[in-house]
Amino acid sequence: MPAHHDLPYRSLFAHPELVRELLTTLTPFTVFDDLALSAFEAVDPAYVSEGLAARQNDLVWRVRIGGQCLYVYILLEFQSGLDHWMALRMQNDVGLLCQNLVKRHALPPSLMLPPVLPLVFYNGVPRWNACVDLADLVDAPAELLPFQPSQRYVLIDRQRLDPVALEANASLLALLIRMELSSAPKVRYKVLPALLTWFKDAPQASLMRSVEVWLQALAARRGNPEAFSLDSGEEVGDMGRQFETWAEEFEDLGFQKGSEQGKAEGRALGQAQGRAEGHVAALRGMLGRLLRKRFGDLPEPAAQRIAAATQAQLEQWFERGIDAPGLDAVFGDEPASA
């Protein structure tokens, strides 16, 4: 199950626009430059073999490059905490994905496996210190090293991206990252107006909805579970004022100049323990806003189910609610209304 604060990120990267920006602005690879959105296709991440549960905390995209049937599979892993064994997890994921392609006879006539680009999008505070190559986790004599597994992944450490490069980047993804990393006054007077201008120039209702959910999650992590809308001038003004009140919380979480690793980890742990119930309440509010935005006023039985749900249920319904055709599909087999 993805972490509570990773869900809004998954909502963002369910859009090809942001996946393309991730590849073209935050990675050094030029093969993705100038690709149309139609070249990006979301793939079901349930690629595990029999007997294993489907992974739900990653996204898989297939990218068509050029006129040939060349596909690049991109595994997006969203991490808010350190994982010493990430390279091993990536090797397992890549292997399972390739096994699934072989089993489904989804390879080209050459029977060659497609290239895979594993990405880790890290949104935590402590510096990432896990090995990015599985070979570095293997202790073997020199003569056996050629026979040991090796799997690398690309790490995107959001907290330590170049702020100058981010400010010079007008992409939506860069604006959202700046929203988290900038001081509160700069968010209100620079980043937020630029974000509103971006949507004014490129109005996209589905993408805007995901960004609003992400903004609400950002507010909830700073102790303010208010709902925000990007299509109302009055609400945006309120939003700017609320951003300004988060200055102390920005400092608390180490989102401005950073702090000692131990201090940052201690604050994060203390906040996680002290606000456990608040996180569930914020998630209920996020889910309710998402469903009302998509389907209108909620029937009373649906509202009652949300009010009584566990965090695991809320996270599952939130994921379904992003693309579900109706409320019944959000809540599963049980009807959402009387």
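List of remarks:
- Full extension of the chain between Gln204 and Glu41 yields a length gain of 56.9 nm, computed as 0.36 nm times the residue separation minus the alpha carbon distance.
- Using the Cβ of Glu167 as centre and a radius below 13 Å, the other residues enclosed give a net charge of +2, where K and R count +1 and D and E count -1.
- For q = 0.12, 0.14 Å⁻¹, Debye-computed log10 I/I(0) when each Cα of the range 61-177 counts as one equal scatterer: -0.60, -0.77
- Loop-resident sites, the range 77-142, for trypsin sites (Lys or Arg not before Pro), counting at most 14 other Cβ within 10 Å (DSSP): Arg104, Arg127
- For Gln151, net neighbour charge (Lys/Arg +1, Asp/Glu -1) across residues whose Cβ lies under 10 Å away: 0
- Modelled spin labels at His84 and Gln304, positioned 7 Å past Cα toward Cβ, are 4.9 nm from each other.
- Counting only protein heavy atoms and a 1.4 Å probe, the range 116-172 has 53 square angstrom of accessible area per residue.
- Among 12-21, 140-149, 27-36, the order from most to least packed when residues are scored by Cβ within 10 Å on average: 12-21, 27-36, 140-149
- Amide H contacts under 5 Å for Leu75: Leu117, Leu119, restricted to partners 5 or more places along the chain or on a different chain, H placed in the peptide plane at 1.01 Å from N.
The values are calculated or read from the model by the stated rules, or taken from the named source; none is laboratory data. For clarity, every value in this text was computed on a predicted model and none was experimentally measured. FYI the Cβ positions are ideal-geometry reconstructions off the backbone, even for glycines, and counts take in every protein chain you see. Please note that ligands, DNA and RNA were not included when accessible areas were found on the heavy atoms of the full protein model with its side chains. Shrake-Rupley method; radii C 1.70, N 1.55, O 1.52, S 1.80 Å.
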